[in-house]
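Here the structure is laid out as structure tokens; the discussion comes afterwards.
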Amino acid sequence: MAKYDETSIKILEGLEAVRKRPGMYIGSTDKRGMHHLVWEIVDNSIDEVINGYGNHIKVIINKDGSVTVADNGRGVPTGMHESGKSAIEVIYTILHAGGKFTEDGYKVSGGLHGVGASVVNALSKYMQVVSYRDGKIWMIEFENGGKVKTPLKVIGKSNKTGTIVKFLPDSEIFKNCNFSFTTIAERMQETAFLQNGLTIEVIDEADQKAEKYHYENGLTSFVEYMNEDKETLHKVINFTNTKEKIEVAIALQYTNTYNESILSFVNNVKTVDGGSHEVGFKTGITKAFNDYAKNNNLFKGKDTSLDGADVREGLTAVISLKIPEELLQFEGQTKGKLGTPIARSVTESITYESIKFFLEENKEVALTILDKAMKSKVAREAARKAREEARNGKNKSKIEKNLSGKLAPAQSKNPKINELFLVEGNSAGGSAKGGRDRKFQAILPLRGKVINGEKASLDELLKNEEINTIIHTVGAGVGQSFDASESNYDKVIIMTDADVDGAHIQVLLLTFFYRYMRGLIEEGKLYLAMPPLYKLDYGKKRFYAYTDEELAEIKNNNPGKCTIQRYKGLGEMNPEQLWETTMNPDTRSLIRININDASLAEKRVSVLMGDKVEPRKDWINENVEFTMEDDYRV
Ligand code: 0RA
């Protein structure tokens, strides 16, 4: 009995530690952190499926804000553990206990985000675990961060097996958070893509929404989904093979676009920073195409090989590896990069052999892809040459002509503090030039419509004057050769009117930066300016409102007579007003652009900027996550 009490105290201390520093276990206590709880619980069910037990998972967002995850696996074990507690209680209350019960096979969590179900319990107001096992239905309940509310008991009989976990996040830890159907559904769809035959249902009881995902050829469906809105050059190619206990499955397809998107996963967890498997894939595919071209005498003139970047132009690929736990190695701060050295050679040889075989069997497809790769090579060499000439000043007159009268440069030449404002229209450009702090702020007015970077090739883009000017002004190259560290500016700020035209220009520019200067976004150097929507004059006192909510708030806090002006464009502001409201680092607000999830951003950019035309509001809301930098200071 004494032993039981001691372990009980230790367990509660462990759970209390999680509650004191939740960020250490789940990253944060915002919306993202709260969804992490769902991933933890779902991962346990997925582990069951990966290991061959069960084929159906249900995720339900309940009306009371709790989430239920149900599977038809073996059911959580309920027998007594050596500590005197049931296995089920141990799994849900002892930190890192999960692994001890699943020693063989693959684990979803292997080295990545798995912190265990007990962490979810620690951060929940209420948790219930029901296990269908041994002909019985078992149930245990916890409350207030993992304290047993109802000890394990049998509540019925059943010949089914499976587990149902329901938990309600503690509102003291997660403030003002709700579960998002879209966030959960998108992640579950991705999981279903990676696990053939698995059915995942996502149900939102509050909003009456539901999705069901099931794929028999998941990777192929994944690639088809990613390429849904693009023109493709052939049917999806897919292959699977196992070497050195590592299972490699890959699906790929070329599109007529100019970008590459490669997603990779290890044991169903996304490797956001790539790693040895991606390197192996790239080497393998480059070698296969080069060998084919050489063997069929397709190289002309002095060309004797294609670069990897040429071979990958227009390529969409999903790579999925299953690696036994003992071979798993992850690297990097967030453990998003596969280290396992042997995964490189295994993936390379499987890719090389499979593609080589495919090309030999499918001559027409081979020639189509190679034709594209060779064109890519020519275009890239032309772009590099132009860039070098620009550097060496060879084409100076031409570039200066492009820039002349347009760019108002900053006096400082310091790329660590300089800001470049891309301003819609000449009149707003005039106000911005008048209002700026010329020491570190440069103004580039954009006259014409910007070309759509999703539909144009790099070649065509380079011929567009507006784009050309931006590339030369930023001075860090473009496309494959873009290097954010060479940027002449610490901040590139897009400043447009708050109307439909302005919105359109924003989307076009964001698309261009996303496709051809992504490093700028990744380095956090791309911003949207936030001009005010209203000016409120109370005799001597003046306020600016940036949103309708703010307008209401100001009116509420300042009763009395005032005149309200709704700004229809930047041009209505005089230089001083523009400086004060939108450009002065001490008083302005900027929106920093960041790419939340590369595969989704990728999908949405092509959906919205490809052949379909969609309103910007959706794009803005869904494609990129905006971080408000209130009172942002340099
Ligand atoms: C440990 C051992 C066994 C199953 C599980 C854990 C298990 C855990 C969860 C969590 C959600 N769903 C789950 N399904 C299974 C298997 C023990 C055995 O039967 O040999």
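Just so it is clear, none of the values below were taken in a lab; they were calculated from the coordinates. Computed from a predicted model, the values in this text were never measured in an experiment. FYI the Cβ positions are ideal-geometry reconstructions off the backbone, even for glycines, and counts take in every protein chain you see.
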Quiz item: Roughly how big is the chain's charge dipole about its Cα centre, with Cβ charges of +1 (Lys, Arg) and -1 (Asp, Glu), in debye to the nearest 20?
Solution: 1260 debye
Quiz item: Among Leu462, Leu590, which comes first, second and so on when ranked by fewest other beta-carbon atoms within 10 Å?
Solution: Leu462, Leu590
Practice problem: Mind checking which aspartates and glutamates have their Cα closer than 16 Å to the Cα of Lys337? Skip sequence neighbours fewer than 8 apart in that chain. | Solution: Asp273, Glu278, Glu325, Asp597
Self-check item: Gained length - Ser457 relative to Asn256, 0.36 nm times residue gap less alpha-carbon distance
Solution: 71.4 nm
Quiz item: Could you give the nm distance between label points at Asp483 and Asp291, where each point is 7 Å from its Cα heading toward the beta carbon?
Solution: 3.3 nm
Self-check item: the chain shape via C-alpha gyration tensor axes, a/c threshold 1.5
Solution: oblate
Practice problem: Write out the trypsin sites (Lys or Arg not before Pro) in segment 269-370 meeting two conditions: DSSP loop, and at most 16 other Cβ atoms within 10 Å of their Cβ. | Solution: Lys300, Lys302
Quiz item: Got a sec? How would Arg566, Arg133 order by Cβ neighbour count within 10 Å, fewest to most?
Solution: Arg566, Arg133
Practice problem: Step through the table entries Lys294/Lys375; Lys385/Lys491; Lys63/Lys166; Lys230/Lys385, compare each Cα-Cα distance with 18 Å, and write down the pairs that go over it. | Solution: Lys385/Lys491; Lys230/Lys385
Practice problem: May I ask for the longest run of the chain untouched by GluC sites (Glu not before Pro) that are loop-located per DSSP and have at most 16 neighbouring C-beta atoms (other than their own) within 10 Å? | Solution: 245-522
Quiz prompt | Phi-based couplings in Hz for segment 412-429 (Karplus 6.51, -1.76, 1.60; Gly and Pro marked x) | solution = 5, 10, 8, x, 7, 10, 5, 10, 10, 9, 8, 10, 6, x, 6, 6, 5, x
Exercise. For segment 485-503 and segment 53-77, write down the distance between their C-alpha centroids in whole Å.
Key: 45 Å
Quiz item: Once amide H atoms are built 1.01 Å from N in the peptide plane, which residues 5 or more positions from Phe265, or in another chain, come under 5 Å H to H?
Solution: Thr271, Ile319, Ser320, Leu321
Practice problem: For Tyr567, list long-range residues whose amide hydrogen, built 1.01 Å from N in the peptide plane, is under 5 Å from its own amide hydrogen. | Solution: Tyr534, Lys535
Quiz item: Can you give the angle from 0 to 90° between the axis of helix 276-295 and the longest principal axis of the chain, with both taken from C-alpha atoms, to the nearest 10?
Solution: 60 degrees
